Amino acid sequence: MYKFIIPPIKAIKAIPERVAYTDKALVEAARAAYSKIATTEQQALVTNYADLITAEQRIIALTPVVDEPA
C-alpha cells in the first residue's frame, strides 16, 4: 500500500457516519489530507473518497443560512 494514502483514508474514517455540523472540522481536515495527494491517479487510490463527498454535502446542508442585511 502507498503510505501517502493512509492519512486521508484515516481522516475520512474518523468522520462519524451520521455527520453533524459540529463535525465540520473533521470533514475539513479530511479534505485537506486528501488534497495533499499529488495527482488524480494517486487520489483515486483513496477508497473511501465517496464518504468524504457525502460528509461535505451534509455539512453544506447543515450550514446555517445568514440573512444579508437590507
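The values are calculated or read from the model by the stated rules, or taken from the named source; none is laboratory data. Keep in mind that this is a model prediction, so the values were computed, not measured. Counting neighbours? That spans all protein chains shown, and the Cβs are built from the backbone with ideal geometry, glycine included. Heads up: the accessible areas ignore ligands, DNA and RNA and are worked out on the full protein's heavy atoms, side chains in. Shrake-Rupley method; radii C 1.70, N 1.55, O 1.52, S 1.80 Å.
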Practice task
Kindly establish whether residue 33 is within 16 Å of residue 18 (Cα to Cα) and not β-branched (Val, Ile, Thr).
Solution key: no
Fill in the blank from the handout: Reported set for the range 13-49 where residues are β-branched (Val, Ile, Thr) and either under 20 Å from residue 63 (Cβ atoms) or not in a helix (DSSP H, G or I) (or both) is 15, 19, 22, 27, 37, 39, 46, 47
Exercise for the section: With the condition kept exactly as written, say whether any residue in the range 50-62 is in contact (Cβ under 8 Å) with a residue 12 or more places away in the chain and not in a helix (DSSP H, G or I). Expected result: no
Fill in the blank from the handout: Within the range 1-43, the residues that are open to solvent by less than 80 Å² (accessible area, probe 1.4 Å) and small (Gly, Ala, Ser) are 11, 14, 20, 25, 29, 30, 32, 33, 35
